[in-house]
Structures are given as structure tokens and as C-alpha cells.
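Student: Before I ask anything, here is the structure I am working with.
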């Protein structure tokens with residue numbers, strides 16, 4: 001039986017435990033509760049984590065505040081999804097069977113009104 005060199009074992013195990021990271025350096029610093037709350041609110045407004053927000057600011061990125069808050073953005077996404085569903089239903093009907101032109105025009109007019117209302121909210 002051969003002699004096991006402890007130094008070699010430590011080096012091998014250290015290499016196994018060392019995480020492979022894209023960015024190997026880490027910076028940590030402490031902030032007050034008020035400072036953290038301001039960072040958290042800013043990050044949340046931009047839909048980012050606090051570490052990602054701080055990193056972007058440190059890199060000198062110009063972060064633009066969204067025009068709408070999170071709740072409003074979620075409402076707009078739901079409304080756009082509804083409009084897309086209506087459009088798909090109209091297309092399915094038109095492609096599968098005969099549709100009265102007046103009925104089709106009413107559906108398109110309703111869809112146009114939904115889109116116009118959404119555009120007014122965005123402007």
C-alpha cells in the first residue's frame with residue numbers, strides 16, 4: 001500500500017469545493033435600514049433584485065424608471081392578453097366557417113375600441 005500525501009488530498013478537495021463563477025470577485029458593504037429601503041424600492045421599481053440594481057449603478061448604467069408601476073404593468077399585460085385572445089378567436093372563426101360580414105365588423109370594432117382604450121392609457 002502506498003503512502004497518501006495529505007497535502008495533495010487537501011489541494012484536490014479544495015478544487016472540488018471551489019465554485020466556478022463567471023465573476024470571481026465579491027464586494028460586500030453595509031448600509032443603514034433607510035439606505036437599504038431606498039435601494040430596495042428603486043430595485044423593485046425596475047423589477048430587479050437589490051444586488052443587481054447596485055451592480056448596475058456601480059457600472060455606471062443609466063437606469064430608466066418604468067412609466068408605470070408594477071400593478072399597472074400587470075393590468076396592461078392582462079388586457080393585451082385578452083385582446084390577443086379576441087383576435088385569435090376572430091381569426092379562427094373566419095378561417096373555419098362563413099361569418100356574416102356585419103357580425104365580423106362588430107367584432108373588429110369592439111377589438112379596435114379595446115386597443116384604442118389601451119393606447120389612451122399608455123399615453
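Student: Only one of 47, 86, 8 is assigned to a helix (DSSP H, G or I) and either touching a helix residue (DSSP H, G or I) at 6+ places or on another chain (Cβ under 8 Å) or modelled with pLDDT of 80 or more (or both). Can you tell me which?
Tutor: Step by step, each of 47, 86, 8 is checked, and only 86 is assigned to a helix (DSSP H, G or I) and either touching a helix residue (DSSP H, G or I) at 6+ places or on another chain (Cβ under 8 Å) or modelled with pLDDT of 80 or more (or both).
Student: Restricting attention to the range 83-102, and to residues there that are surrounded by 10 or more Cβ atoms within 10 Å (Cβ to Cβ) and over 30 Å from residue 66 (Cβ atoms), which single residue is nearest to the chain's Cα centre (by Cα)?
Tutor: 89
Student: Take the conditions within 30 Å of residue 118 (Cβ to Cβ) and either at pLDDT below 85 or assigned by TED's automatic domain parsing to the domain that holds residue 115 (or both) and apply them to residue 93. Does it pass?
Tutor: yes
Student: For the subset of the range 56-82 comprising residues that are more than 17 Å from the chain's Cα centre (by Cα) and not in a loop (DSSP other than H, G, I, E, B), which member is surrounded by the fewest Cβ atoms within 10 Å (Cβ to Cβ)?
Tutor: 58
Student: Now, a different point. So residue 109 fits all but one of (1) at pLDDT below 85; (2) exposed (fewer than 11 other Cβ atoms within 10 Å of the Cβ); what number is the exception?
Tutor: (1)
The values are calculated or read from the model by the stated rules, or taken from the named source; none is laboratory data. Bear in mind the structure is a predicted one, so any value in this text is a computation, not a measurement. Positions of Cβ are backbone-derived with ideal geometry, glycine not excepted, and every protein chain shown enters the neighbour counts.
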